[in-house]
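Have a look at the structure below, then the notes.
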Amino acid sequence: MSSRPIRLLGDHLPLVWATLLALLLLGPALGPGYVLGYDLVWVPHLSLRGDFLGFGTALPRAVPSDAVVAVLDNVVPAALLEKLALLTPLVGAGAGMARLVGGSLAVRLTAVTLAVWNPFVVERLGIGHWTVLAGYGVLPWLVLAGRRLRRTGTLPAAAWVLMPLGALSASAGLVSALTLLVSGWRPGARRGRGDLALLACVVAGNAPWLVAGLLHAGTATGSATAVFALHPEGSLPAPLAALGMGGIWNSDVVPGSRQTFVAWLALLLLLGLAAVGFRTWRRRPDGDVLRLGVLWAIGFALACLTWLLPGPTDWLAAHVAGGGLLRDGTRSLGLCLPVYAGLPAVGVGVLADRAGEADLGLRRAVAAAGALLPLLLLYDAAWGLVDTLRPADYPVAWAEVRAQARFGHGDLLVLPFSAYRAPTWNSGRTVLDPLARYLPPDALTADTLVVDGRTVPGEDPRGPRVESALRLATAPARTRALLALGVQYVATETDLRPRPPSLATEPVASSGALVVERLDGTAVARSPTLLARLATGAAWTAYLLSLLGGLAVAGIGRVRGARRGMRTGPPTHVG
């Protein structure tokens, strides 16, 4: 075989390997239907509405992701869009790490495996944090964009696309912003227009959730951060769990292998390979070593902070606007990806080179072990987390009600008033109430959580007032109180317990166990202020200009490059 096909194989094999790993990891999730679990909620068609733009009364945790999905599922079927949203970040993270770490094929394939197949990815899939994974998937590419800015003084067009895609939620946006800023910022003497572009890119890509958060500054505090802090896994103490990219607060989504001696074995192997590769890693000529180390330190420190100082982080989240971003501290571990996947991969490369001096077959065996061992040590992640990520079909009755119902002004209240459901048609798996997204109006839902027996208060100030209204003595009193909160429609799943109290209503639509009714009377209108409209409009304009402008510039650059290639022709070899 000539050298050119071998070189092409080496160039494309990491992408192929990343795709194969992602397919194996997701497994049944890529089948027909919708994967619903915890915070992963997709519906056949998501209507674009005010609370998705940042005008709701709750904290804008789903800004801008829900609005983006609501627009895109007019073009791409929602079920397919969900699968792309799960698959693409995994492939992107793997391929990006291969590009970032460089080196031999053994190094790149190991980096791919560690990027795709690790506790962070598995646990975030299990809990349904697809926006966190979207930010994770673009992270290596943001590092590469920052590297190019340092070298050329120009921010690549791709960064203007990557940043909005990596900022589909506040926590993901914070990770993406830190990644690009740390990777691309240059010393004072070298600053120029590229650095202004860097700041503009970060602000524009994060503008929707930043502005929505500022507009909710009076309520932009959380509580009970310690409940969501870094947790131990099995006998692994919390900081060691974080070293291995684990430690999520919800024990239900932690793979069983992470709670056995296998977790210790995986960590020791990881640290051993990192030690072997450290000397080679620190000699990297691209200037990334210090910056990647800073990203790792920030991610690891933020995760450990919630475990080490639960009281102060609770206070910060409860009293300082934006402090709630510390909630679920392990989300910051995405910043550790380049070092977590890159440094041990370099260690595999060092071992493979040493083995190759004695035996080519041994070299290949070491390379194969580097690419495959992480799969064996996290074996219960395969095939949709052992068939956990299995799609479901929504009840026919829901589609019938949506087709029948005609909604006017006013919000929708979903009853029973609880945040999560475990519907039989979803195989009893727990999921954030999907009905609030399935029906078109702005929805008022419960956001009070119970974690390990501890009640975590919700963040929507209307939530407690709804509970108080439902406890009033008579149906007319309950109805008037809900109308005063802006509620005009009530959707009730009659087969769930507890049964909600009666209200003064008139029917709108019903089918099976789902009933939609209109409250008698007129709901108090909720409308954003002029300032909120202008600020939100400016934020979304900046976001769209970044995304669409980056795509346009990147496309033009690609076309020009292709034309130059056609004019130049293929290289000529003499002799």
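Structure above, values below:
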item: Hey, PRO77 open to solvent by 10 Å² or more (accessible area, probe 1.4 Å) and in contact with a Phe, Trp or Tyr (Cβ under 7 Å, 6 or more places away or on another chain) or not; result: no
item: For GLY299: the one exception among (1) touching a Lys or Arg at 6+ places or on another chain (Cβ under 7 Å); (2) in a helix (DSSP H, G or I); result: (1)
item: Filter result (of a type in the set (Gly, Ala, Ser) and either crowded, with 23+ Cβ neighbours inside 10 Å or over 26 Å from LEU174 (Cα atoms) (or both)) within region 23-61; result: GLY27, ALA29, GLY31, GLY33, GLY37, SER47, GLY54, GLY56
item: Of residues in region 238-255 being within 17 Å of the chain's Cα centre (by Cα) and surrounded by fewer than 21 Cβ atoms within 10 Å (Cβ to Cβ), the one farthest from ASP380 (Cα to Cα); result: ASN250
item: Scope region 221-240; condition modelled with pLDDT under 95, not polar (S, T, N, Q) and not in a loop (DSSP other than H, G, I, E, B); matching residues; result: ALA226, VAL227, PHE228
item: Residues of region 299-343 that turn out to be small (Gly, Ala, Ser) and modelled with pLDDT under 75, as a count; result: 6
item: Residue that is farthest from PHE55 (Cα to Cα) [pool: residues in region 440-466 that are assigned to a loop (DSSP other than H, G, I, E, B) and touching a strand residue (DSSP E or B) at 6+ places or on another chain (Cβ under 6 Å)]; result: THR445
item: The one condition in (1) hydrophobic (A, V, I, L, M, F, W, C); (2) in a loop (DSSP other than H, G, I, E, B); (3) within 23 Å of TRP398 (Cβ to Cβ) that VAL69 fails to fulfil; result: (2)
item: Test result for TRP383, assigned to a helix (DSSP H, G or I), open to solvent by 70 Å² or more (accessible area, probe 1.4 Å) and at pLDDT 95 or above; result: yes
item: Pairs with Cβ under 8 Å, 6+ apart, first in region 60-81 and over 14 Å from PRO164 (Cα atoms), second among the aliphatic types (A, V, I, L, M) and assigned to a loop (DSSP other than H, G, I, E, B); result: ALA70/LEU46; ALA70/LEU48; VAL71/LEU48; ASP73/LEU46; ALA78/VAL43; ALA78/LEU46
item: Top-ranked residue in region 463-486 [being touching a residue at least 40 places away in the same chain (Cβ under 8 Å), of a type in the set (A, V, I, L, M, F, W, C) and closer than 12 Å to PHE417 by Cα; ranked as surrounded by the most Cβ atoms within 10 Å (Cβ to Cβ)]; result: VAL466
item: Check on LEU36, of a type in the set (A, V, I, L, M, F, W, C), closer than 27 Å to PRO423 by Cα and under 17 Å from the mean Cα position of the chain (by Cα); result: yes
item: Scope region 421-439; condition open to solvent by 40 Å² or more (accessible area, probe 1.4 Å), in contact (Cβ under 8 Å) with a residue 60 or more places away in the chain and outside any helix (DSSP H, G or I); matching residues; result: ARG429, THR430, LEU432
item: Criterion violated by THR57 - all others in (1) touching a Gly at 6+ places or on another chain (Cβ under 9 Å); (2) at pLDDT 95 or above; (3) among the hydroxyl-bearing types (Ser, Thr, Tyr) satisfied; result: (2)
item: Residues that are among the small types (Gly, Ala, Ser), modelled with pLDDT of 95 or more and assigned to a loop (DSSP other than H, G, I, E, B), drawn from region 1-46; result: GLY31, GLY33
item: Counted residues, region 495-512 - those being within 33 Å of the chain's Cα centre (by Cα) and open to solvent by less than 70 Å² (accessible area, probe 1.4 Å); result: 1
item: Region 230-253 residues that are under 13 Å from THR306 (Cβ atoms) and in contact (Cβ under 8 Å) with a residue 40 or more places away in the chain, paired with ones that are outside any loop (DSSP other than H, G, I, E, B) and among the aromatic types (Phe, Trp, Tyr) (beta carbon under 7 Å, 6 or more apart); result: LEU230/TRP307; ALA238/TRP307; ALA242/PHE300; TRP249/PHE228
item: Which listed residue, of ARG291, ARG258, is open to solvent by 20 Å² or more (accessible area, probe 1.4 Å), part of a helix (DSSP H, G or I) and modelled with pLDDT of 95 or more; result: ARG291
item: Elements of type helices (runs of 4 or more DSSP H) contained in region 105-200, each with 1 or more residues being more than 25 Å from VAL63 (Cα to Cα); result: 105-116, 119-127, 130-152, 170-184
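A quick yes/no check of all residues on (1) over 22 Å from VAL451 (Cα atoms); (2) surrounded by 24 or more Cβ atoms within 10 Å (Cβ to Cβ); (3) in contact with a Cys (Cβ under 6 Å, 6 or more places away or on another chain); (4) free of Cβ contacts under 8 Å to residues at least 40 places away in the same chain:
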residue	(1), (2), (3), (4)
ALA303	no, yes, no, no
LEU309	no, no, no, yes
ASP314	no, no, no, no
LEU333	no, yes, no, no
PRO338	yes, yes, no, no
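The values are calculated or read from the model by the stated rules, or taken from the named source; none is laboratory data. Everything quoted here is computed from the prediction, not taken from an experiment. All Cβ positions, even for glycine, are placed from backbone atoms using ideal geometry, and neighbour counts span all protein chains on display. SASA here: full protein model, heavy atoms, side chains in, ligands and nucleic acids out. Shrake-Rupley method; radii C 1.70, N 1.55, O 1.52, S 1.80 Å.
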